[in-house]
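Below is one structure, written out as structure tokens; comments come after it.
The values are calculated or read from the model by the stated rules, or taken from the named source; none is laboratory data. Keep in mind that what you see is a predicted model, and the values were worked out from it rather than measured. No Cβ is skipped: glycine too gets one built from the backbone with ideal geometry, and neighbour counts run over all protein chains shown. When the accessible area is computed, the model is the full protein with side chains, heavy atoms only, and any ligands, DNA or RNA have been set aside. Shrake-Rupley method; radii C 1.70, N 1.55, O 1.52, S 1.80 Å.
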Amino acid sequence: MTLRLFIPVDAGALAVGAEEVASALGAAAARQKVAVDVVRTGSRGLYWLEPMVEAQTSAGRVAYGPVTASDAEGLLRAILADGAHALRQGLTEEIPWLKRQTRLTFARCGVVDPRSLEDYRAHDGCKGLERALALGPAATVEKVVESGLRGRGGAGFPTGIKWRTVAQTPPQQKYIVCNADEGDSGTFADRMIMEGDPFVLIEGMAVAGIAVGATKGYVYIRSEYPHAAATMEAAIAAARRGGLLGNRVANSSFAFDMEVRVGAGAYVCGEETSLLDSLEGKRGLVRAKPPLPAHKGLFGRPTVINNVLSFASVPIIMDKGGAFYRDFGMGKSRGTVPIQLAGNIKYGGLFEAAFGITLGELVNDVGGGTRSGRPVRAVQVGGPLGAYFPRALFDTPFDYEAFAARDGLIGHGGIVVFDDTVDMAKQARFAMEFCAIESCGKCTPCRVGSTRGVEVIDHIIRGENRAANTALLEDLCHTLKFGSLCALGGFTPYPVMSALTYFPEDFGAPPRLLAAE
Ligand SMILES: Cc1cc2nc3c(=O)[nH]c(=O)nc-3n(C[C@H](O)[C@H](O)[C@H](O)COP(=O)(O)O)c2cc1C
Ligand code: SF4
């Protein structure tokens with residue numbers, strides 16, 4: 001009998017030794033003369049358990065982690081005996097952290113072989129595409145509208161409405177562009193999809209192409225993601241061979257093909273119009289809107305540009321229906337959101353849940369508080385442009401409007417946790433400096449204002465003319481917020497002002513009294 005083991009090839013798992021574990025298990029199998037079939041998967045997203053090895057049993061997959069190469073010999077023996085081992089976590093699907101989740105977008109991540117189209121099909125893959133082909137373009141667009149799906153890249157714009165706009169432009173060359181620049185701090189969900197379930201992204205983009213009449217797609221991947229780019233390339237080639245891409249998508253009359261493009265590395269190239277410039281071979285510079293990319297996008301043609309997670313949510317919407325997806329969530333935030341728990345957190349990883357879960361539940365219950373064991377002081381939600389929230393705001397539900405009402409943003413769903421050793425004045429300075437470094441330079445408030453902002457924060461930190469400099473910083477933030485062309489300049493005031501508002505003592509002012517958690 002052959003033993004089946006599952007070991008991730010996800011970059012996060014590789015970073016902590018998954019490759020060494022895989023080869024040590026292979027060598028141990030040769031020594032113990034047992035036949036082992038190793039399947040390389042994506043990660044389940046329980047990163048504190050990586051490298052996590054799963055063994056197929058008659059009851060399901062059993063997880064062991066975190067495994068090191070030196071564990072291999074004993075672990076293999078234990079798996080072949082009764083399975084008992086100090087690193088045993090039980091049946092993977094029963095691990096409470098995983099069981100608590102609602103995995104719609106990430107249902108297959110960590111389960112399937114990301115390079116095998118057959119495996120994808122065997123786990124309900126391609127059903128959404130088949131449904132889209134049966135429904136036709138117009139009804140497909142309306143299904144996505146009905147689902148209430150909002151873009152997961154940051155702005156939360158309704159995906160179906162964007163598709164409808166492109167679909168309604170006159171027939172011509174149109175494009176589907178996937179934004180896989182994933183520049184936000186503490187985010188890794190796009191990478192996990194591309195490395196763990198790339199066919200779901202290909203399927204989502206093919207559905208988009210059919211829906212709006214686009215025959216060509218591009219996935220724009222940041223250069224820091226070489227594993228994701230390689231996996232996507234392999235999956236696209238497999239999809240072509242398997243008839244999922246090409247002149248007759250799944251034997252239909254629709255044509256759709258796509259390719260990978262690797263970015264050169266700039267945060268602003270995640271901004272959609274800047275990304276389009278970069279894709280065209282130019283320096284990434286933000287374009288003034290209008291015209292919207294939906295009307296005049298890549299190479300001046302109508303373009304759907306969506307985040308990886310937005311496209312990856314489409315297959316299940318098409319398969320199970322718009323109403324099914326819409327049933328999850330709260331308010332105008334429908335469906336599930338893949339939340340990424342990072343920074344100083346005990347149980348960091350990918351947690352997919354319906355919108356509505358509170359920040360406190362995520363940080364304290366799911367995340368288990370800080371990794372350092374010290375009290376949580378602040379969390380930054382939504383990347384480098386997101387506000388710093390103190391514990392007093394932990395009752396905020398994950399909902400676009402609820403976060404906006406508190407001057408925060410969900411962004412791409414990244415949460416970075418800080419303990420009580422954090423210096424929030426330094427964090428505010430960092431936010432402003434980030435803007436100065438990453439500014440594309442097109443507009444003055446951002447290009448000049450961010451550099452002046454760093455200087456003003458330095459004055460405040462040094463205690464120079466504190467009241468006047470604080471007023472100046474507030475004024476500068478106001479100019480950035482309302483005078484910037486894009487959200488890089490427009491949102492930098494949020495981390496800066498939230499640090500100043502909730503943690504004034506770090507700027508030398510008296511502490512603010514906040515309601516208890
Ligand atoms: C400075 C800046 C950086 C951005 N970076 C990203 C990014 O890395 N990935 C992403 O999907 N969206 C990013 N966005 C948002 C995109 O401009 C755009 O809203 C998104 O690609 C639209 O896709 P969606 O509707 O599916 O979210 C960024 C926006 C700004 C202003
Ligand atoms: S706000 Fe900054 S990044 Fe955005 S267009 Fe202006 S200069 Fe460029």
ask   = Pulled fully out, how much extra length does the chain show between Val38 and Glu224, if you take 0.36 nm times their separation in residues and subtract their Cα-Cα distance?
value = 64.3 nm
inquiry  = Looking only at the chain, where both bridge partners belong to it, what percent of the DSSP beta bridges are antiparallel (to the nearest 5)?
reply    = 55
query = Under a plain spin-label model, where a point goes 7 Å from the Cα along Cα-to-Cβ, how far apart in nm are Arg31 and Leu80?
reply = 1.2
For the chain: accessible area per residue (Å², 1.4 Å) = 38
task = Can you send over the carbon and sulfur percentage of the accessible area for region 146-295, probe radius 1.4 Å, protein chains only?
result = 54
query = If you plug each phi of region 494-511 into the Karplus form 6.51 cos²θ - 1.76 cosθ + 1.60 with θ = phi - 60°, what whole-Hz ³J(HN,Hα) values come out, in order, with x for Gly and Pro?
reply = 5, x, 5, 6, 5, 5, 5, 6, 8, 10, x, 4, 6, 9, x, 9, x, x
request  = Determine the share of region 316-471's accessible area contributed by carbon and sulfur atoms, expressed in whole percent, with a 1.4 angstrom probe.
outcome  = 50
key: Interchain or long-range residues, amide H under 5 Å from Gln89's placed H   = Ala63, Tyr64, Gly65
query = What's log10 of I(q)/I(0) for region 37-193 at q = 0.10, 0.11, 0.12, 0.13 Å⁻¹, Debye sum over Cα points only, no solvent?
reply = -0.53, -0.63, -0.72, -0.81
request  = Find the all-direction average of the projected area of the Cα convex hull for the chain, expressing the result in square nanometres with one decimal place.
outcome  = 24.1
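Between their Cα atoms, which of Lys99/Lys127; Lys282/Lys442; Lys127/Lys289; Lys99/Lys320; Lys143/Lys481 are more than 26 Å away from each other?
Long pairs (Cα-Cα over 26 Å): Lys127/Lys289; Lys143/Lys481.
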query = On average over all directions, what projected area in square nanometres does region 1-95 have, based on the convex hull of its Cα atoms?
reply = 5.3
inquiry  = Suppose we keep just the alpha-carbon trace of region 405-517; what are its Rg and Dmax in angstrom?
reply    = 13.9, 43
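Please list the equivalent ellipsoid semi-axes of region 209-327, computed as the square roots of five times the alpha-carbon gyration tensor eigenvalues, in descending order and whole angstrom. Spell out each step's value before the answer.
Working: eigenvalues 121, 69, 49 Å².
Semi-axes, largest first: 25, 19, 16 Å.
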note = Distance in nm between Thr451 and Glu19 label points, each 7 Å along Cα→Cβ, equals 4.1
key: Cα centroid separation, region 117-172 to region 204-240 (Å)   = 15
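For Asp124 and Asp407 in one chain, what is 0.36 nm times their gap in residues minus the Cα-Cα distance, to one decimal in nm?
Values: separation 283, 0.36 × 283 = 101.88 nm, distance 3.99 nm.
Full extension from Asp124 to Asp407 adds 97.9 nm.
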task = Enter the accessible area of Ser253 (Å², nearest 10), with the probe set to 1.4 Å and all protein chains included.
result = 100
Kirkwood Rh and Cα Rg combined as Rg/Rh, region 316-367 = 1.07
